[in-house]
1. Sorted from fewest to most neighbouring beta carbons within 10 Å, what does the list Asp13, Asp161 look like?
2. Just rank Met332, Met25, Met340, fewest to most, by other beta-carbon atoms within 10 angstrom.
3. Using θ = phi - 60° and the Karplus form 6.51 cos²θ - 1.76 cosθ + 1.60, what ³J(HN,Hα) does each residue of segment 196-202 get, whole Hz, x for Gly and Pro?
4. Which distance in Å, rounded to a whole number, links the C-alpha centroids of segment 380-413 and segment 109-129?
5. Could you work out, for the chain, what percent of all Cα-Cα pairs fall into each 10 Å distance bin, beginning at 0 Å and stopping at the bin that holds the largest distance?
6. Quick one: check the C-alpha center-to-center distance for segment 37-72 versus segment 433-469, whole angstrom.
7. Could you work out [θ]222 nm for the chain from helices alone, using -39500 (n - 2.57) per DSSP H run of at least four and dividing by all its residues? Round to the nearest 500 deg cm²/dmol.
8. Note the direction-averaged projected area, equal to a quarter of the hull surface, for the Cα convex hull of segment 7-85, in nm².
Amino acid sequence: MIRIYNTLTKTKDEFKPITPGKVTMYVCGPTVYNFIHIGNARPMIVFDTVRRYFSYKGYEVNYVSNFTDVDDKIIKGAIEENTTSEEISQRYIAECKKDMEAMNILPATKNPQATQEIQGMINMIQTLIDKGYAYPVSDGTVYYRTRKFQGYGKLSHKNIDDLEGGHRDIKVTGDLKEDPLDFVLWKPKKEGEPSWPSPWCDGRPGWHIECSVMSKRYLGDTIDIHAGGEDLIFPHHENEIAQSEAANGAPFAHYWMHNAFLKINNEKMSKSLGNFFTVREISEKYDLQVLRFFMLTTHYRKALNFSAELMESAKTSLQRITTAAELLRERMASVTSDEMTAEEEAKIATLNQFRSNFEEAMDDDFNTADAITAIFDIVKFINTETDADSSKAFLQAIHDEFYQLADVLGIILEKKEEVLDSEIEDLIHKRQEARKNKDFARADEIRDQLLSMGIQLKDTREGVKWQRV
Ligand code: AMP
Ligand code: ZN
């Protein structure tokens, strides 16, 4: 039985899926105006691990995570670089996907982009207006009528009257809202900004409506799990609930999961504070497997302080794990007997215990820190309980358990020297550039480099084609 700490109920609730054997999960993704920082990587790694554990337990997981590709910061970036918002967001979506691949994060079932879902947003806003939950004002802005939604505050456990008390003083003259608590669903365009036509004005959606719409479209009105960093509880997730439940007339998500912050010098790591490292920067010093492992050494609901010492310690721990995997492979390559001995059979009971410890830890609100302890028990077991005389069946049983459990955490035990598609495309692009600049020596050099990686290029009329050789 999997128990999940649910922000909505503030307790660890038993997981009961809407459809037996299936899990629907929506994770709020990054705003793509720059490289992602390692704080953004925490929810990605944590919820990828949650997803992997559900799969391990036999569930079919439908995992949706968005990219917010319309936002003030993207527009600002586009103006600074004298380019379009689309160019900026497409660039950083591609870079983010590279980082995710290197952190061994499984591709989502779907990564919707806000700009591709505008019609759905207009439809939901219209439904909210029709039901009296939203209203347009004279400048074309559409607001959500917060007080009309009975359950407002249920996720963040805030009292709506306290909210108003805190906000009353910020009501500015000229503001066309009915109530300071009302939030924006649609806003009029400003010169030079991306915009879409709508019944109210040419403009763009507010941030919160994106997730309500994408979650509904790809996962349905009610989903099992909605997740993100704890800074999203209020107002983002609270507003998503208000929008979705009012529009759909159904509960939005049964379980709300939130990861705690990644900190640096005990302050939240964030772009606005400027105290961040990008995942790309860290990848220059460490294999991103180390970053992943580091994130999982602490329970996801505990704050985690980033430091060089902890990264070094994660690196050493990971090495101990991969070294044990290597030893196991060596032993398997030189076995002399097939069948398990009686002594080995007795030892298997210990191995089974490690698996139950692992599952018990993960069942308890995904306690990866304790699950890692079970992995180290297997490492120790390999180092002390196997030798050159171990049977094939015995080694195979250890191998299966070790690899399966490591895979739940996304730990790669065997580094395949496989060249990633993205790496190949990158080099091909560089070669094209070199050719354009008539630097044929460089172009040939890149072709040879690719060949040495086992990739053969073919220049055809339709462009460059490649194949693995
Ligand atoms: P953003 O691009 O700021 O919307 O953030 C994308 C995701 O990263 C959200 O789920 C945030 O809650 C999460 N996030 C941002 N900063 C941190 C941090 N320092 N630690 C943990 N999660 C974070
Ligand atoms: Zn969201």
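What follows draws every value from the coordinates through simple rules; no lab data is involved. Keep in mind that this is a model prediction, so the values were computed, not measured. Virtual Cβ from ideal backbone geometry, glycine too; neighbours counted across all protein chains shown.
1. On the way: Asp13 16, Asp161 10.
Fewest-to-most ranking of Asp13, Asp161: Asp161, Asp13.
2. Working: Met332 15, Met25 25, Met340 19.
Fewest-to-most ranking of Met332, Met25, Met340: Met332, Met340, Met25.
3. 10, x, 8, x, 9, 4, 5
4. 47 Å
5. For the chain, the pair-distance distribution reads 4, 17, 24, 24, 17, 9, 4, 1, 0.
6. 35 Å
7. Values: 15 runs with 220 residues, N = 469.
Here the helix-only value at 222 nm equals -15500 deg cm²/dmol.
8. Numbers: hull surface 28.6 nm².
For segment 7-85, averaging the hull's shadow over all directions gives 7.1 nm².
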